[in-house]
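The values are calculated or read from the model by the stated rules, or taken from the named source; none is laboratory data. This is a predicted model, so every value here is computed, not measured. Glycine also receives a Cβ, built like all others from the backbone with ideal geometry; neighbour counts cover every protein chain displayed.
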Ligand SMILES: NC(=O)c1ccc[n+]([C@@H]2O[C@H](COP(=O)([O-])OP(=O)(O)OC[C@H]3O[C@@H](n4cnc5c(N)ncnc54)[C@H](OP(=O)(O)O)[C@@H]3O)[C@@H](O)[C@H]2O)c1
């Protein structure tokens, strides 16, 4: 499979290494280029993998739709454009799979979070807090992963209807705190506290390889596909991610 990498930072380089390990060819590395240069680099790719920054993601994804190349996007912090991008994908016949986190462990953690929220919703004495820690280069806060966790919890627990960045004791609001420390790849914790005890679940990434591997498996899945896909489709597929 020929893969175009859009963004060649920490994640782009990890994804390049995993592509090689899995026998794929990186046919193009796209950094900040004109739209013509980008179109010509995308032309020969089977699939593009986009890991850049919040302000760049939407334009890069559209460039892939226009070039007829399905795209896997892992950039976070651009979801206010998601609905418009989804419509563009459908109207141009493009292919998109976005995930706030591609690691298998985090996707299992997403499920555990929802199950715990559903279980605990019968006991109103327990209140939730979400905390995330990332490296100091990270541009968005809270992380895309924290937002997915918050949305999953809210979906399963009728006592919560929204999340806020920072401390809050307002009824129905889930407080989400974000810290930026050193080179931390990503740590997420959800704590449920009552007057008497607490339950905390934590996912801690030790490195970035799990994100890169998941993104490359997603790229293998997206080859030749049109339409909008999610990690649920990947889990339900017969890819190396499937179960
Ligand atoms: N979904 C997941 O599993 C997952 C996992 C880890 C990270 N992420 C997300 O992935 C993104 C990238 O993370 P990272 O750690 O690789 O960041 P990074 O090391 O800062 O790399 C981002 C790269 O994108 C480049 N870039 C910026 N604008 C661009 C554009 N318009 N076109 C092409 N390249 C452009 C930057 O170039 P310059 O250096 O020249 O500015 C930089 O090399 C972040 O949003 C992060 O939150 C997602």
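Brief remarks on what is shown
- Criterion (within 17 Å of the chain's Cα centre (by Cα) and either surrounded by 17 or more Cβ atoms within 10 Å (Cβ to Cβ) or within 21 Å of residue 171 (Cβ to Cβ) (or both)) met by exactly one of 96, 108: 96
- If the condition is being within 16 Å of the ligand (Cβ to nearest atom), over 15 Å from the mean Cα position of the chain (by Cα) and part of a loop (DSSP other than H, G, I, E, B), then the range 126-170 contributes 135, 136, 137.
- Options 37, 33, 21, 50; residue that is without any contact (Cβ under 8 Å) to a residue 60 or more places away in the chain and under 17 Å from residue 230 (Cα atoms): 50
- In the range 201-243, of all residues being touching a strand residue (DSSP E or B) at 6+ places or on another chain (Cβ under 6 Å) and closer than 16 Å to residue 101 by Cα, the one that is nearest to the ligand (Cβ to nearest atom) corresponds to 215.
- Total residues in the range 6-41 satisfying the condition of being more than 16 Å from residue 102 (Cα to Cα), in contact with a strand residue (DSSP E or B) (Cβ under 7 Å, 6 or more places away or on another chain) and within 12 Å of the ligand (Cβ to nearest atom): the figure is 8.
A quick yes/no check of all residues on (1) more than 8 Å from the ligand (Cβ to nearest atom); (2) in the same structural domain as residue 10 (by TED's automatic domain parsing); (3) in contact with a strand residue (DSSP E or B) (Cβ under 6 Å, 6 or more places away or on another chain):
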{"site": "51", "(1), (2), (3)": "no, yes, no"}
{"site": "56", "(1), (2), (3)": "no, yes, no"}
{"site": "64", "(1), (2), (3)": "yes, yes, yes"}
{"site": "67", "(1), (2), (3)": "yes, yes, no"}
{"site": "71", "(1), (2), (3)": "yes, yes, yes"}
